[in-house]
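Have a look at the structure below before the remarks.
None of the figures in this text is laboratory data; all of them are computed from the coordinates on show. Here the structure is a predicted model, which is why all the values come from computation and not from measurement. Here the Cβ positions follow ideal geometry from the backbone for every residue, glycine too, while neighbour counts run over all protein chains shown.
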Amino acid sequence: MAFHDHTENGITVLQSDLLCGSIRHGFSTRTGGVSPAPWNSLNLGVGRGDDLANVQENFRRLCGVLGLSHQRAVLSKQVHEDNIRLVTESDCGKGLFRQRDYASVDAMICREKHIPLVVFSADCGTILLYDPVQEAIGAVHAGWRGVASGLAAKTVRRMQEAFGTEPGDLLAATGPSIGACCFETDDDVPEAMRRALGAAAEPYMVRWGEKWHIDLKGINALWLRQAGVQRIDVCPDCTGCHPERWWSHRKMGDRRGAQAALIALI
């Protein structure tokens with residue numbers, strides 16, 4: 001499959017050709033918002049120093065392009081753990097208009113309509129899941145710790161338990177994130193991948209001189225395949241290589257915005 005840009009009212013959203021049906025989804029880009037530098041301009045990260053009113057307006061614009069209500073969005077609380085939240089109507093607005101009553105949520109699942117699930121990235125992997133048979137969705141944030149913990153596969157299993165999802169029915173799209181070209185690390189990351197996946201992790205890790213370069217998107221896709229997901233769309237874009245389009249923590253540090261991946265049943 002492939003990805004394409006959808007541009008409307010100055011907002012460009014990256015979408016997967018695979019994720020079609022009774023959903024709306026998108027991976028945001030940097031432009032089209034109201035936030036000043038260094039968050040310019042479509043910053044969707046709450047608590048990064050940008051004015052909350054700017055972030056709310058940015059969400060309004062993004063969700064408007066997708067035909068969704070930003071007031072019903074539910075925001076993750078990402079701490080690089082493997083907690084998965086079953087989202088319901090009672091969660092609408094949490095993180096953007098209401099206080100979150102959860103301290104650790106790196107993945108969310110839902111089967112209620114018109115509730116955008118939102119996860120964030122500025123290098124980390126984001127994965128959107130859609131079960132067109134049971135009409136259920138999931139959104140996952142997986143940095144290298146989430147990759148090593150197999151959070152993508154754990155979310156698939158949680159959808160099986162909660163909704164009766166058959167993994168072979170799932171459609172999955174992994175969004176833009178840092179590529180092996182820019183994800184340079186010491187021995188701790190490859191060691192974590194080997195502990196989790198054994199020899200299966202080796203094709204995704206290459207040592208260049210003193211450092212390792214890890215294909216985190218490839219390992220996330222491996223976890224999905226091991227969980228039984230067959231249809232997976234992997235975005236080739238590296239956030240580190242394209243600062244004009246994406247934010248990258250590795251390239252920009254903490255003074256930056258954040259992009260979002262969101263999905264909702266309609």
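In table form, for the structure just shown:
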| item | result |
| --- | --- |
| Top-ranked residue of segment 215-228 - restricted to ones that are aliphatic (A, V, I, L, M) and surrounded by fewer than 22 Cβ atoms within 10 Å (Cβ to Cβ), ranked as nearest to G179 (Cα to Cα) | A221 |
| Close pairs (6 angstrom Cβ cut-off, 6 or more residues apart or separate chains): farther than 15 Å from D233 by Cα in segment 1-22, among the charged types (D, E, K, R) and part of a strand (DSSP E or B) anywhere | T12/D5 |
| Subset of segment 236-246 [in a loop (DSSP other than H, G, I, E, B), among the hydrophobic types (A, V, I, L, M, F, W, C) and surrounded by 19 or more Cβ atoms within 10 Å (Cβ to Cβ)] | W246 |
| Any hit, segment 193-201, residues being touching a residue at least 12 places away in the same chain (Cβ under 8 Å), crowded, with 20+ Cβ neighbours inside 10 Å and either in contact with a helix residue (DSSP H, G or I) (Cβ under 6 Å, 6 or more places away or on another chain) or part of a helix (DSSP H, G or I) (or both) | yes |
| Residue that is surrounded by the most Cβ atoms within 10 Å (Cβ to Cβ), among those in segment 63-93 that are closer than 18 Å to I11 by Cβ and touching a strand residue (DSSP E or B) at 6+ places or on another chain (Cβ under 7 Å) | A73 |
| Options A152, A139, A173: the member that is touching a residue at least 60 places away in the same chain (Cβ under 8 Å), under 21 Å from L75 (Cα atoms), among the small types (G, A, S) and in a helix (DSSP H, G or I) | A152 |
| Complete set of residues in segment 63-78 that are touching a helix residue (DSSP H, G or I) at 6+ places or on another chain (Cβ under 8 Å) and either among the basic types (K, R) or outside any helix (DSSP H, G or I) (or both) | S69, A73, V74 |
| Residue in segment 203-217 that is free of Cβ contacts under 8 Å to residues at least 24 places away in the same chain and closer than 27 Å to A136 by Cα present | no |
| Scope segment 42-56; condition free of Cβ contacts under 8 Å to residues at least 40 places away in the same chain and either part of a loop (DSSP other than H, G, I, E, B) or polar (S, T, N, Q) (or both); matching residues | G47, D51, N54 |
| Lone unmet requirement of (1) closer than 23 Å to G125 by Cα; (2) not in a loop (DSSP other than H, G, I, E, B) for R60 | (1) |
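Residue-wise test of (1) farther than 28 Å from A180 by Cβ; (2) assigned to a strand (DSSP E or B); (3) β-branched (V, I, T); (4) in contact with an Asp or Glu (Cβ under 8 Å, 6 or more places away or on another chain).
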{"residue": "H80", "(1), (2), (3), (4)": "no, no, no, yes"}
{"residue": "A103", "(1), (2), (3), (4)": "yes, no, no, no"}
{"residue": "M108", "(1), (2), (3), (4)": "no, yes, no, no"}
{"residue": "I115", "(1), (2), (3), (4)": "yes, no, yes, yes"}
{"residue": "F120", "(1), (2), (3), (4)": "no, yes, no, no"}
{"residue": "T126", "(1), (2), (3), (4)": "no, yes, yes, no"}
{"residue": "Y130", "(1), (2), (3), (4)": "no, yes, no, no"}
{"residue": "Q134", "(1), (2), (3), (4)": "yes, no, no, yes"}
{"residue": "G146", "(1), (2), (3), (4)": "no, no, no, yes"}
